[in-house]
1. Of ALA176, LEU20, THR189, whose Cα points farthest to the positive end of the dipole of region 3-190 (charges on the beta-carbon: +1 Lys, Arg; -1 Asp, Glu; origin at the Cα centre)?
2. In region 3-190, how does Rg compare with the Kirkwood Rh, expressed as the Rg/Rh ratio over alpha carbon atoms?
3. Would you list PHE158, PHE42 from fewest to most Cβ contacts within 10 Å?
4. For the chain, what does the helix formula give at 222 nm: sum of -39500 (n - 2.57) over DSSP H segments with n ≥ 4, over the residue count, nearest 500 deg cm²/dmol?
5. Pick from GLY48, GLY135, GLY151: which residue has the top mean-square fluctuation in a GNM of the chain where Cα pairs under 10 Å get a spring?
6. Any idea what the dipole of the chain comes to, in debye rounded to 20, about its Cα centre with Lys/Arg Cβ at +1 and Asp/Glu Cβ at -1?
7. In nm, give the distance between the simple-model label positions of GLU58 and ARG111, each being 7 Å from the Cα along the Cα-to-Cβ direction.
8. Relative contact order for the chain: what is it in percent, counting Cα pairs under 8 Å that are at least 6 residues apart?
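Just so it is clear, none of the values below were taken in a lab; they were calculated from the coordinates. Just so we're clear, the structure is a prediction, and the values are computed from it rather than from any experiment. Ideal geometry is used to build each Cβ from the backbone, glycine not excepted, and the neighbour counts take in all protein chains shown.
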Amino acid sequence: MNFLEERILKDGIVKEGNVLKVDSFLNHQMDVELLDRIGEEFYRRFEGVRVTKILTIEASGIAIACAAAKYFQVPVLFAKKSKSVNIEGDMYVAEVESFTHKCKNQVIVSRKFLLPEDQVLIIDDFLANGCALQGLVSITEMAGATVAGIGIAIEKGFQIGGRVIRNLGYPLESIAIVDGMDAKSGTVTFRAQ
Ligand code: 5GP
């Protein structure tokens, strides 16, 4: 079992509706030492891959992306969520449906920060149905940039996102893959990696 799986077992809380709460260490209160280890693990898993920029989505992806950026020594760019329909022409826009909040957001990235020559490592905290990730992939491709890799802290392997993204051929690395969880007993099981 790796360090993140151990932490999920210790402090993660399984909620009804297939939601895993990790807000005591990852996406509300944050354990910076753990974030650093996550960043280092992404660097290890994508060793030798050329990365010029890390792309994530606000809010909870930002901290992990920054931890990784310290190792890759590249800038972090985060897609902003916006409900506004009046998007100026200098933005890339993708529509993303939130798994946890059950609403649709537009996510936007300024064109000036994503260039065709960029080799983009996309990073996020969770992968569930893959909607957030597909938004980030499509923004990368709208810019003519390349998806160099995708790093996820926690993938919920029983939801469809991971399979869809892997089938599309993107190199996807998830540090912890949850294969099952049960709100009544609070148990979480991981895929062997
Ligand atoms: P997706 O678009 O893959 O369905 O969902 C990804 C986004 O939803 C992530 O960025 C994350 O913020 C949120 N999310 C999905 N499932 C969970 C979960 O079980 N727990 C938490 N805390 N966030 C989740």
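1. The one lying farthest along the dipole's positive direction is LEU20.
2. 0.95
3. So the residues, fewest neighbours to most, are PHE158, PHE42.
4. Here the helix-only value at 222 nm equals -8500 deg cm²/dmol.
5. GLY48
6. For this selection, approximately 280 debye.
7. 2.2 nm
8. With pairs under 8 Å counted, the relative contact order is 19 percent.
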